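This report refers to the structure that appears directly beneath it.
Quick note: the coordinates plus some simple rules give every number you see, no bench work behind them. Quantities reported herein were computed from a predicted structural model and do not represent experimental measurements. Here Cβ is always computed from backbone atoms with ideal geometry, including for glycine, and neighbour counts include all displayed protein chains.
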């Protein structure tokens, strides 16, 4: 038992240390992702308490949050300097793709909101 | 494909050659498009099937992403002519499934493209094309199940990459939202089990992505614990998934001849294609293999899904053919260079093998294929195709050698023989396709022909009946028939029908099926409640037309009994046999369908001999009480009956009704009947 806790402590420490090394712009994106997921969670909790009556509103709300989170993760993957696969993709291009994707997503959501 | 070549070879010449190759490639594609167009012109041009000419192109792109240009061109050429595809997209019978296959291939192309590039832009496009697919066909569930399976396969085999994440995660979110926009799908996109697979994989993918991310930060010790967790989740998913596939089987399985009819020689080429896909296994080629395997499975359950199999079969056999040509022509070239052994050829060859493709290789390939051309020239149909093949060979050769340094050298005679055999095989395929397009799929199903000793008989009864309907009935009269004839009646007789070939609404079809299998009085009441004026039945007993309503009758009973339980199939079967002769059950011999089909039939030959069933009918002399015959076509193939008006029967009720609301009803009747208005 003490070994496990020490392991966990070590793990968390090393995680925190490793994460502190990430560049600031990635941290901002991470914050955005966390925010989106938290909003989605709040909506789910609200749905659990109040009920899912206008189902398309609930669906579009939650999917909008998850969608933005997913797209932000994609953006994060693409602009990450450590990622070898996207060396030749300039961050401007990645951001433009991200904006386009978000545009499509939210157009659809506005349409679906009812 | 072309980029590394230009960088290694002498700059100017190779660029020119690349440009030539590009132009040649485009030209070939154009030719294939023209071929795809013209082969569909065997039937009467009713609708423009322009969109179909793009299908070979997208198939080309899919294969190109998976294997390379030569294979892509081959696949496009094969797809242009594959019979099962033609069956749905000949100019005359052009329906939404044909559009859907275009959308299907396009979606797969974009998915593979996203997987290869990892660009969000293509992911968006992918979601949009998925939307197009959802709009056009219910078979979109194939996509939303196949792509998750592929993703899962990639994860399980340890091929996870961030490109996979980019290709899949936005597709799920956007695709679900877009699918929910389509009215018929609606909330089903998140409520039904077909779609759960994608969400489950979505979650798994996130877990895996997180794990990989943490793995990047951490030592690999904890990573193993997480991996076991993911694998258990994956396994439970797979076991959950199987009943979903099984539940799709709602239509009839195909027979072996239909496989051969529809994909022909491709069936033999597919295994070779699979093998060559596995040689260098990439994400894209594993996707193609997976696509084929699931498509084969689905087409095994349901004959309609043969359509889904066709593009996969084309891609794989295109790959196989081009690989085979590649190996054979290369060995021929090698043997030739050894044979002649003069300096220019040898130097050209060595340069070709060392760094890049050269003109010599294309020239030699052309030299090899030229003799074949003269040999196959007598056959007129294949020659067009062969010429195309030569072009493809000429292109596939410069692409490959730089990849494979170790040459698989075959003896000269064997390779020439192999090429010949392949060309003959291709020729057979072309002949079969042309035959299928011309004979099997272009025959109009509305005018039937039969060949006998004294020449060609034409049975034009359907058009006769529809013309009668359109000339002799009121515009707003409603016609009831089995759903097979719904669209035809709507289009050719211009009358409203109760059920048609759109089978979304099962209950409605069941109502008509119940009416057809009920006794006359009950059927009259059902039809009257539906405001039906005329009932149309198709009867083949006089001329021996097998797909008539009596043979379809058991389906009416089954579908009707599925919704209205008082219709029981065993009531219509004598000891499990379906028959309408003297052995038939009383329920069968008294149902509406029997009566409408065989009314006055005994007057034709005095015995009532049914030529389809091959025996005399059970009940020969009977009268109709609630229906009257208004029209029967020349060969008795279509019979039209009118419902007798109501006042002949429920007299007492009518009186009561009149005393209750006399003024209004007479008023209304008077207004309607007034001849001076």
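A protection proxy built from the mean count of other Cβ atoms within 10 Å ranks the segments B:163-176, B:272-285, most packed first, as B:163-176, B:272-285. Taking each residue as 0.36 nm, the span from residue B:555 to residue B:496 lengthens on full extension beyond its C-alpha to C-alpha distance by 18.9 nm. Averaged over the residues of B:204-210, the number of partner chain Cβ atoms lying within 10 Å of the residue Cβ comes to 1. Using the average count of surrounding beta-carbon atoms within 10 Å as a protection proxy, the listed peptides B:312-318, B:113-119 rank, highest first, as B:312-318, B:113-119. Assuming 1.002 mPa s and 20 °C, estimate D for the range A:25-113 with Stokes-Einstein, Rh taken as the Kirkwood radius over Cα pairs, in µm²/s. The Stokes-Einstein estimate is 151 µm²/s. Averaged over the residues of A:67-78, the number of partner chain Cβ atoms lying within 10 Å of the residue Cβ comes to 6. For the pair residue A:15 and residue B:458, a Förster radius of 51 Å applied to the C-beta separation gives a FRET efficiency near 0.05, rounded to the nearest 0.05. So if we plug the beta-carbon distance of residue A:31 and residue B:293 into 1/(1 + (r/R0)^6) with R0 = 35 Å, what FRET efficiency do we get, rounded to 0.05? The pair residue A:31/residue B:293 has a calculated efficiency of 0.20. Relative to the current alpha-carbon distance between residue B:214 and residue B:528, full extension at 0.36 nm per residue lengthens the span by 106.0 nm. Peptide B:164-174 has a mean of 5 when you count, residue by residue, the C-beta atoms of other protein chains within 10 Å of its C-beta. Across all directions, the shadow cast by the convex hull of the range B:457-643 built on its C-alpha atoms averages 10.0 square nanometres.
Once the Cβ-Cβ distance of residue A:95 and residue B:182 is raised to the sixth power relative to R0 = 35 Å, the FRET efficiency obtained is 0.70.
Potential lengthening of the chain between residue B:506 and residue B:590 amounts to 27.7 nm, from the contour at 0.36 nm per residue minus the alpha-carbon distance.
Placing a pseudo-label 7 Å from each Cα along the Cα-to-Cβ vector at residue A:47 and residue B:628 gives an inter-label distance of 6.1 nm.
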